[in-house]
Structures are given as C-alpha cells and as structure tokens.
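A short write-up of the structure that comes next.
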Amino acid sequence: EEGLHATKYPWEHEKFTKTFDHQALRRGFQVYREVCASCHSLNRVPWRTLVGTMHTVDEAKAMAEENEYDTEPNDEGEIEKRPGKLSDYIPAPYKNDEAAKAANNGALPPDLSLMVKARHGGCNYIFSLITGYPEEPPPGAEVAPGLNFNPYFPGTGIAMARVLYDGLVEYEDKTPATTSQMAKDVVEFLNWAAEPEMDQRKKMGVATIVITSALLALSIWVKRYKWSPIK
Ligand code: HEM
C-alpha cells in the first residue's frame, strides 16, 4: 500500500546553481548525532569527511576520539580498544542487526547514509515522514500494537515513533530549533551524506556551461568571419 504522497518543498540545495548551506549541514549533523544516532547508523560516513564541510579538524578529531574502536589483532590475536581517529567511520548504535531489532520491537532502523536516494520522494519524503505524525490517528485507522500511525509511511504503521519536538536540541548559532527546522536541517545533512560530491558537481556543471558557451560563441564568430568574403 502506498503512503500519502509527500509534499513538494522548494529545497534550496536542490537548485542546480545552489550548493549546500553548510551552516544547515552543521545543524543537521547535530540533529543526527543528538537524536537519530541512538537508533540509526550512518555507516558510509567517516569522520574525516566532516572536516571542511561542517567542522574544523579539531572538532572532528574530538568527536572521533569520544568513541572506542577495535584495534587490529596483534601477534597473539588479541583485539584491544583505542580511541577513534579521523579515518574511522561514524560508529553504529548497535553491534549488529539482531541487537538493533531487539531494541526496537523487532523493527530494524535502517542505515541513513543513502536514505535520501533510497526512498521515493527523497528529501520531501523524509521531511514529511519525520514531521508527519498526527497527535491521534484518524478515526477508523487501524494501527497494530507497537506501531505508530504515519500517513507518509507505506502501510501507515511505522515502528519509529515521533522523535522531533520543538526545542529538542540547542543550536549554537541560535537558530530556533522548531520541529520543522530540525527536520529540514537533518534532511539536508542526509542529502549531503548520500551525495557529498554535489557541490563540486554543480560547480563543474556551471563552469562547463560557461566555457562551452564561450567556445560556441567564438566558433560562430570565426565561421562568419571566414565566410564573409564569399557571402
Ligand atoms: C525508520 C529517519 C530517529 C527508529 C526510519 C526511516 C527513516 C528514519 C527515513 C525509514 C522509513 C522507511 O523505511 O521508509 C529518522 C531520522 C531520525 C530518526 C531522520 C532523527 C531525526 C529514530 C530514533 C529511533 C528510530 C531515535 C529509535 C528510537 C526507527 C525504526 C525504523 C526507522 C525502528 C524502522 C521503521 C519500520 O520499518 O517500521 N527512520 N529516524 N528512528 N526508525 Fe528512524
């Protein structure tokens, strides 16, 4: 069964001449880290990729170091613990899928790295989903025990409850952390996670158009110039 169609929002970063708003990415990462990361992994994102996009080297190092990682086995085959480094990946909240399901009523919180690309509707879908929990399910809606009503989720019964509430995080840039602001920021961040090369790609695209236009104009001029004695 299809869910309710997501509202189309005018995402600034989706415009082809616009890059990500890196202040928004920084806020969005904060939302991921303080809210989503307790259930959802971000397996494809290493700490180092935050450097220069939303954090300084020192900030990213400090966040990596807050986590413990396994060392490579030594000659005796022993594995020890070491603090994280920039080259490590952001750690998952659970050891494995079984542990993740056990903690979530049998439902697996999917990895969010490519979620913007994986779901029909992308940014619009995720925004609608996480802001779309009504206070009460509509009359007549059947919600299985342990599930929450959300019209945007295919089937309308989702294992994830509403997680965003006004004021849940405190942004250091003093942006008011309304539910929709946090949703917008985390969605833009998740778009970056799935497509970190987007800014570069768009800059190349614009440069390509500018250069090919100049070459076309030049070739038209040369053609006219060369043919002018014959005409
Ligand atoms: C599923 C996003 C926080 C538990 C999902 C899905 C998305 C998502 C996009 C996939 C929906 C689909 O399959 O189409 C987020 C975001 C969060 C967040 C952006 C933070 C703002 C959490 C938290 C928990 C959680 C804190 C646990 C307490 C789950 C579970 C599912 C899920 C169990 C699977 C639902 C199902 O298949 O029925 N989430 N989530 N999520 N999430 Fe979250």
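The values are calculated or read from the model by the stated rules, or taken from the named source; none is laboratory data. Please read these numbers as outputs of a predicted model, since none were measured by experiment. Using ideal geometry, Cβ is built from the backbone for each residue, glycine included, and neighbour counts are taken over all protein chains shown. Surface areas here come from the heavy atoms of the whole protein model, side chains and all, with no ligands, DNA or RNA. Shrake-Rupley method; radii C 1.70, N 1.55, O 1.52, S 1.80 Å.
Couple of notes before you dig in:
- Axial C-alpha extent at least 15 Å, average Kyte-Doolittle at least -0.5 - helices from the chain (DSSP): 179-194, 198-227
- Neighbour net charge for Lys81 - beta-carbon separation under 10 angstrom, K R +1, D E -1: -2
- Relative contact order [Cα under 8 Å, 6+ residues apart], the chain, whole percent: 27
- Dimensionless Rg/Rh of the chain - Kirkwood Rh, Rg from C-alpha atoms: 1.13
- Cβ crowding within 10 Å averaged over residues, with 138-144, 151-157, 80-86 ranked highest first: 151-157, 80-86, 138-144
- Those GluC sites (Glu not before Pro) in the stretch 1-37 that DSSP places in a loop and that have at most 13 other beta carbons within 10 Å: Glu1, Glu2
- Within the stretch 169-231, GluC sites (Glu not before Pro) in DSSP loop having at most 14 other beta-carbon neighbours inside 10 Å: Glu170, Glu172, Glu197
- The stretch 40-115 shape via C-alpha gyration tensor axes, a/c threshold 1.5: oblate
- Apportionment of accessible area to carbon and sulfur, the chain, percent (1.4 Å): 56
- Calculated accessible area for the chain comes out at 62 Å² per residue, all protein chains present (probe 1.4 Å; ligands, DNA, RNA ignored).
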